Amino acid sequence: MRTIVYLAVLALSTVAWAQAPAADGGFKFDVEQGELVLFQLAVPDAIDLGGEADTRGVTEALTGTIVRDLGIAGYFNLVDKASYLADPTKEGMKPKYKDWFNIGTQGLVKAGYRIAGDKVVVDLRLYSIDGSQQVTLPAPYDGPVELPIEATKLRYHAHGFVNEIIKHYTKAPGFFLSRLVVVKRVNRGKELFMVSPDGLDETQLTRTGGINMLPSLSGGRIYFTSFRNGGAHLFVLSGGKAQPFAQFKGLNTGATMSPDGRHVAVTLSKDGNPEVYLLEAQSGKVVRRLTNSWGIDTSPSWSPDGSKIAFVSDRHGSPQIWLMGADGTGQRRLTFQGNYNQTPDWSPRGDKIVFTARDERNVFDLFTVNVNDGTIKRLTQNQGNNEEPSWSPDGRYLAFTSTRSGESKLYIMTADGRFQTMVSAGKGQYMTPSWGR
Amino acid sequence: MRFLIVSASALLLFACGTRPTQLLGEAQNALSEAALAKKCAPDEFEAAEKMYIKAQKLADAEKYDEAEAAARAAKKLAIKAQAKAQARKDECLTPPKPATDPTDFIDDSGPGVDAQDGDGGGMETVYFEYNSSDLTDSARAAMAQNGDWLQRNPTVVVTIEGHCDKRGSTEYNLALGEKRAKVTRSYLISLGVEKNRLGIVSYGEEQPMDYGDTTKAHGRNRRAEFRVVRR
């Protein structure tokens, strides 16, 4: 277990710090893994710039979203509002830098709104306090924008703004405009839903009342497995229409698209037992069979360059992670620890594969394995069952499900496992997230 | 980071327990209340009776978990048999008519999951060990009875459904469920049942018999079930 020690901020060495009421804001130093510096941000509530009163949740949709997103992103510490020296409402959109500098924040997020009828003018700004200037952001975050008063649209704008904040501090943009497809239990069936990474703005994609599962979101297409025709068959959802994709005899499950979008790797049992096959992405025609073993071969995941495929095989007696060329050649076992390793997902960065393992206490946890040297690293521990991981498009985060709060819910964590946040907002069980790439 | 060792002690723990006296009693009561079934649903009644005898034998052999599952199944079968007998009461208690064409009974709504038509007839559910599709001794005993029943009901066509407990990945469990269904099918073929009477489908962990999260619930869910799709 890691121990995190909170230390008062001395690094900024301002005398005024000692007068600040709250000692909550501080750098975190990770004892075991070395120093971790959190970016200090202040995010006061959005302020009214002189329009109608906010009775329709504009502040929540703006400030609420920004605060939640920064929490999910990790790497940021939000300065306690009780320690503010300035009154954000009176201060307006332009900060007195000294007041914010003196409470030890590096950045300040200002949000303002002017409501008129069913429209609102939104002004979102990021100030660099240590640099004493407003940070220039690209459009549409370079000035006020008029938006309809709809929570979804306001949240979308705020998500994009947070992406820019993350890019400013970490040099790579955030993921908050990406989407995930998850499976949720609905009555006795399972249906597909699309959600934002904050767990909100959920859209139901299937409504068969039966079992729909194993979604894979890629290039605007969602491949999924459905029992609507009696067995496990593959369908593809595109442009709001679901069409049959593979309906061979036996199992047709778990399609994942190749990075170039031309092929789909799937599991079919049409020739005997479950094997991995390559199909044409558009037509569903079999290109070739990739595995041929007596055991179960399933759950393919592409390397980002499209040259290799990770998969699960129990040909040595227990399910393990295996690798092969995208043409099926050079099959080799990658994991040797544990006797129950499943659901590999190859990092978009190429170096690691995340997977679910059942450990010695029969608990399911997430691990990564280094593709080159086989080094295993644990990401979750002592937090219920953690399963079905899926990388963010940039490979810096993982979505997964966990039972740590009781029911299986959706979580996002940083790739090193340091920050783990529940993001499922809705009721019910969440399963098998697929983060769109 | 080691997560290798699965000790045998865990398995031993699962084997402990006490004689399921109450469940055995319940099964016996259900059987004695199913008097009508003995006359009007004889196959079903016989299956329930056999399952009860098996439960007793298993309990005597101190295989309490299996005995409990069998007692539960016996009770369920007895109740089902009685319900079936009630439904057939009128035709059963009136003089027999000439045999009808078996195709009259074809259920053409298909073996859809979402539909799940058809019951198990006189066939017993077969149970499996964790992450295994091997037939245990008690599974083989159940299969022998299932084989007999199919031989005695030669027009019956069944779908064998492979199921798993909820542990492990959704996709792997679909594959494992299919393996269980296939092993079950092969064994019935080896007992002389025609293969065109035996369809298979895997539901993986999607259709648990028991929604619990206990060792017992998992045991009840690792199974091959039979659904009669044509009589």
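The values are calculated or read from the model by the stated rules, or taken from the named source; none is laboratory data. Because the structure is predicted, anything quoted here is derived from the model rather than measured. Note that each Cβ is placed from the backbone with ideal geometry, even for glycine, and that neighbours are counted across all protein chains shown. Accessible surface is based on the protein model in full, side chains and every heavy atom, while ligands, DNA and RNA are left aside. Shrake-Rupley method; radii C 1.70, N 1.55, O 1.52, S 1.80 Å.
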Review point. Within the stretch B:133-157, how many residues are closer than 30 Å to A:M431 by Cβ and either touching a helix residue (DSSP H, G or I) at 6+ places or on another chain (Cβ under 7 Å) or touching a residue at least 60 places away in the same chain (Cβ under 8 Å) (or both)?
Key: 1
Exercise for review: Kindly list the number of the only condition in (1) under 30 Å from A:K90 (Cβ atoms); (2) surrounded by fewer than 16 Cβ atoms within 10 Å (Cβ to Cβ) that fails for A:Y113.
Suggested key: (2)
Review point. Counting only residues that are in a helix (DSSP H, G or I) and either open to solvent by 50 Å² or more (accessible area, probe 1.4 Å) or away from chain A (no Cβ under 14 Å) (or both), how many does the stretch B:180-196 have?
Key: 10
Point to revise | Filtered residues of the stretch A:190-213 (kept if within 11 Å of another protein chain (Cβ to nearest Cβ), within 19 Å of A:L251 (Cβ to Cβ), of a type outside the set (V, I, T) and out of contact with any Asp or Glu (no Cβ under 6 Å at 6 or more places or on another chain)) | key: A:K190, A:M213
Review point. For the stretch A:296-313, which residues satisfy the criterion of being open to solvent by less than 10 Å² (accessible area, probe 1.4 Å), in a loop (DSSP other than H, G, I, E, B) and not hydroxyl-bearing (S, T, Y)?
Key: A:I296
Exercise for review: Collect the residues in the stretch B:186-212 that are farther than 24 Å from B:E68 by Cβ, in contact (Cβ under 8 Å) with a residue 24 or more places away in the chain and among the hydrophobic types (A, V, I, L, M, F, W, C), keeping them in residue-number order.
Suggested key: B:L188, B:L191, B:V193, B:L198, B:I200, B:V201
Revision key, fill the gap. Residues in the stretch A:412-437 that are within 19 Å of A:G71 (Cα to Cα) and open to solvent by 10 Å² or more (accessible area, probe 1.4 Å) total 10
Review point. Which residue, of B:L174, B:L150, is within 11 Å of another protein chain (Cβ to nearest Cβ) and assigned to a helix (DSSP H, G or I)?
Key: B:L174
Practice item. Could you list all residues from the stretch A:239-265 that are in a strand (DSSP E or B) and either over 16 Å from A:E280 (Cα atoms) or among the hydrophobic types (A, V, I, L, M, F, W, C) (or both)? Key: A:K241, A:A242, A:F245, A:A246, A:A255, A:M257, A:V264, A:A265
Check your understanding: In the stretch B:18-36, is there at least one residue being out of contact with any His (no Cβ under 9 Å at 6 or more places or on another chain), closer than 18 Å to B:W149 by Cα and open to solvent by less than 60 Å² (accessible area, probe 1.4 Å)?
Key -> no
Review point. Quick check: is even one residue across the stretch A:390-412 touching a strand residue (DSSP E or B) at 6+ places or on another chain (Cβ under 6 Å), touching a residue at least 60 places away in the same chain (Cβ under 8 Å), within 30 Å of B:Y130 (Cβ to Cβ) and of a type in the set (A, V, I, L, M, F, W, C)?
Key: yes
Check your understanding: Of the numbered conditions (1) surrounded by fewer than 22 Cβ atoms within 10 Å (Cβ to Cβ); (2) on the phi < 0 side of the Ramachandran plot; (3) not charged (D, E, K, R), B:H163 satisfies every one except a single condition; which is it?
Key -> (1)
Exercise for review: Could you please find all residues in the stretch B:139-155 being hydroxyl-bearing (S, T, Y) and open to solvent by less than 30 Å² (accessible area, probe 1.4 Å)?
Suggested key: none
Point to revise | Pick from the stretch A:272-295, criterion within 14 Å of another protein chain (Cβ to nearest Cβ) and touching a strand residue (DSSP E or B) at 6+ places or on another chain (Cβ under 7 Å), ranking: surrounded by the fewest Cβ atoms within 10 Å (Cβ to Cβ) | key: A:S293
**Study point:** Count - residues of the stretch B:38-52 that are over 22 Å from B:E129 (Cα atoms) and under 19 Å from the mean Cα position of the chain (by Cα)
**Key:** 10
**Study point:** the stretch B:111-133 - residue that is open to solvent by 30 Å² or more (accessible area, probe 1.4 Å) and within 12 Å of chain A (Cβ to nearest Cβ) and, of those, modelled with the lowest pLDDT
**Key:** B:P111
Revision key, fill the gap. Residue pairs qualifying under the 7 Å Cβ cut-off, at least six apart or on distinct chains, with the first in the stretch A:253-264 being outside the structural domain of A:D327 (by TED's automatic domain parsing) and the second being part of a loop (DSSP other than H, G, I, E, B), are none
